[in-house]
Amino acid sequence: MSGTSLDGVDAAIVETDGHRILGFGPSDYRPYTDSERSDLRSSLGQWYGPAVDKAAELVTFAHAEIMSEFEEIDLIGFHGQTLAHDPRGLGTLQVGDGKGLAQALGVPVVWDFRSDDVAMGGEGAPLAPFFHFACAKWIKADEPLCFLNLGGVGNLTYVDPSFDGPEDPGALLAFDTGPANAPVDDLMQARLGLPMDRDGAIARGGTVETGALELFLAEPFFNRMPPKSLDRNDFAEMIRLVQELTDADAVATLTGMCAAGVVQGMEHCPKPPARVLVTGGGRHNPVLMEMLRVALDCPVEPVETVGLNGDMLEAQAFAYLAVRVARGLPTSCPGTTGVKALVGGGVVSGVMR
């Protein structure tokens, strides 16, 4: 998995039959260099051209490099790097050569997970919810709960584990909550030359500008009913809302915007969840986590509290989804992406064992 934070590639092994999680194996992380991250940033929002071609080569190479270290793998799920996401218009674009990856590694690869969903009227995102359902079963959850992924973009999955399968109507509701780490990362890079607000150190010294926060929540996206999804740069104007603020106040305000989007999104849950389990880089930001704990009426905890790996959950999700695709099982449904019918999106390259 290479996500919207553009930090690097996560790779993780999952043992699964496509329904249940049977076990978790080793994982690894391959960071992007400053040069690679710069190349990826320059290709964001583009659909074709030399920058896109260069990004595709870079992403394929980075994934091949890290996955070549794993042994005894039966199948690879390769998400690729999202450069542009416009499901109601031009579609969705995840670059990376799954066929070339299969040839290089000698292992079949499932890739292009999102296109079929978008072609059938879905948002094409988020796609991890079916795996979140399996995780809820794995931890033996007996009450509705939420998985909150705080990467570049935030997304929420409401899971009711009383249902037998993720495709059952009412088992899942999923949607993007709004921007998460991406605006903070972009501002930190532009102003201070740093990749992120590590440990919320800058935000902790600032004050949230309520006027900017109100303008943010007035965006039409927040009036749309879920399922709904975002491109990484859909809220790029957030930077303009805080451009007159000090570094600390600007970062605190952008962090507050992330939390506010989540809080508003929680109102869509069919039932109050017993807990919110947080995954992705945002869970490492104590300022953001405290904002969520203060605003929500249930415990907000990193997924590690239930024995899951919040750094690898997305990578594990696409390993799990790859098995579902290979076995002809759906990977999204009306409750997760708004698609009209159950979809098992993905292309299989290479020969299955």
query = What residue, of Arg37, Arg41, is open to solvent by 20 Å² or more (accessible area, probe 1.4 Å) and in contact with a Leu (Cβ under 6 Å, 6 or more places away or on another chain)?
reply = Arg37
ask   = Is it the case that the stretch 272-283 has a residue that's within 18 Å of the chain's Cα centre (by Cα) and in a loop (DSSP other than H, G, I, E, B)?
value = yes
query = Would the stretch 243-255 turn up any residue that is in contact (Cβ under 8 Å) with a residue 40 or more places away in the chain and in a loop (DSSP other than H, G, I, E, B)?
reply = yes
key: Matching residues in the stretch 172-187 - criterion: being within 20 Å of Gly124 (Cβ to Cβ) and surrounded by fewer than 23 Cβ atoms within 10 Å (Cβ to Cβ)   = Leu173
query = Of all residues in the stretch 294-322, how many are over 19 Å from the mean Cα position of the chain (by Cα) and either open to solvent by less than 40 Å² (accessible area, probe 1.4 Å) or of a type in the set (Gly, Ala, Ser) (or both)?
reply = 5
query = Just wondering, is there one or more residues in the stretch 113-120 that are touching a helix residue (DSSP H, G or I) at 6+ places or on another chain (Cβ under 7 Å) and within 30 Å of Pro226 (Cα to Cα)?
reply = yes
request  = State which residue is nearest to Gly80 (Cα to Cα) when the search covers only the stretch 314-344 and only residues that are part of a helix (DSSP H, G or I) and of a type in the set (Ser, Thr, Tyr).
outcome  = Tyr320
Members of the stretch 9-47 found to be of a type in the set (Gly, Ala, Ser) and farther than 11 Å from Ala315 by Cβ, listed by number = Gly18, Gly23, Gly25, Ser35, Ser38, Ser42, Ser43, Gly45
request  = Test Asp28 against the criterion of being at pLDDT 95 or above, buried (at least 21 other Cβ atoms within 10 Å of the Cβ) and either charged (D, E, K, R) or not in a helix (DSSP H, G or I) (or both), and give yes or no.
outcome  = no
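The values are calculated or read from the model by the stated rules, or taken from the named source; none is laboratory data. As the structure is a computational prediction, the values presented were derived from the model and not from experiment. Neighbour counts run over all protein chains shown; Cβ positions are idealised from the backbone, glycine included. Areas reflect the complete protein model, heavy atoms only, side chains present, ligands, DNA and RNA absent. Shrake-Rupley method; radii C 1.70, N 1.55, O 1.52, S 1.80 Å.
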